[in-house]
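Everything below concerns the one structure shown next.
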Amino acid sequence: MALMAGSSVPVRLRCLTAFTGGVVAAATVLLGCGAEPDSATVPADASYAPAPTGIRLPSAPSVIELTSGSARYDCAGQDVTVTGIAATITLTGTCGTITVDGTRTTVHLNTVDTIVVHGNSNRITWSTPPAGPNPHVRDTGRRNTIGGT
């Protein structure tokens, strides 16, 4: 367990290293390192960069809580609830039902079956529709933008 620079958020570091018992710092710089929150729910103050190309993203937790930051996860066929304020969440892969209970939150999706939005002024996009023409959408909020890219 480690603390992210400038933060008190505990994270687990996942680093690809080419050396065993050698200079781990050099291998980390050369190959990249990713961090993931140390709990099933992302703390509201968590913020970290997307995983470098070639590094597998962590699976999305069932609830993502994020304020004024960004995060990337592999949806891995799961249902996910996003609760955020002015956050940007990217979920790769195929998602089941995505529920957005945020305000001014942007959610980028690859493929999704159902989108449920209760918040206001959110932007939800998907890049690949499911087997049908478009995902099922239920929007009970106000001023939300929902659509394919």
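The values are calculated or read from the model by the stated rules, or taken from the named source; none is laboratory data. For clarity, every value in this text was computed on a predicted model and none was experimentally measured. Reconstructed Cβ throughout: ideal geometry from the backbone, glycine too, with neighbour counts over all protein chains shown. Just so you know, the surface numbers come from the protein's heavy atoms only, side chains and all, with ligands and any DNA or RNA stripped out. Shrake-Rupley method; radii C 1.70, N 1.55, O 1.52, S 1.80 Å.
Give the number of residues within the range 94-107 that are under 21 Å from R56 (Cβ atoms) and surrounded by fewer than 17 Cβ atoms within 10 Å (Cβ to Cβ). Count: 1. Scanning the range 113-149 for residues that are part of a loop (DSSP other than H, G, I, E, B) and open to solvent by less than 50 Å² (accessible area, probe 1.4 Å) yields G119, S121, N122, P130, G132, P135, G141, N144. Contact map, the range 71-95: first residue free of Cβ contacts under 8 Å to residues at least 60 places away in the same chain and at positive phi, second residue open to solvent by 50 Å² or more (accessible area, probe 1.4 Å) and among the hydroxyl-bearing types (S, T, Y), Cβ cut-off under 6 Å, separation 6 or more or different chains; pairs are A76/S59; G77/T94; A86/S68.
With respect to T53, determine if the residue is modelled with pLDDT of 95 or more and more than 13 Å from the chain's Cα centre (by Cα). So T53 fails the test.
Scanning the range 72-112 for residues that are not in a strand (DSSP E or B) and not acidic (D, E) yields C75, A76, G77, Q78, A86, A87, G102, R104, T105.
When T106, T94 are screened for being in contact with a strand residue (DSSP E or B) (Cβ under 8 Å, 6 or more places away or on another chain), farther than 14 Å from G147 by Cα and of a type in the set (S, T, N, Q), only T94 passes. Scanning the range 55-91 for residues that are touching a strand residue (DSSP E or B) at 6+ places or on another chain (Cβ under 6 Å), open to solvent by 10 Å² or more (accessible area, probe 1.4 Å) and among the hydrophobic types (A, V, I, L, M, F, W, C) returns I55, L57, V63, A76, I85.
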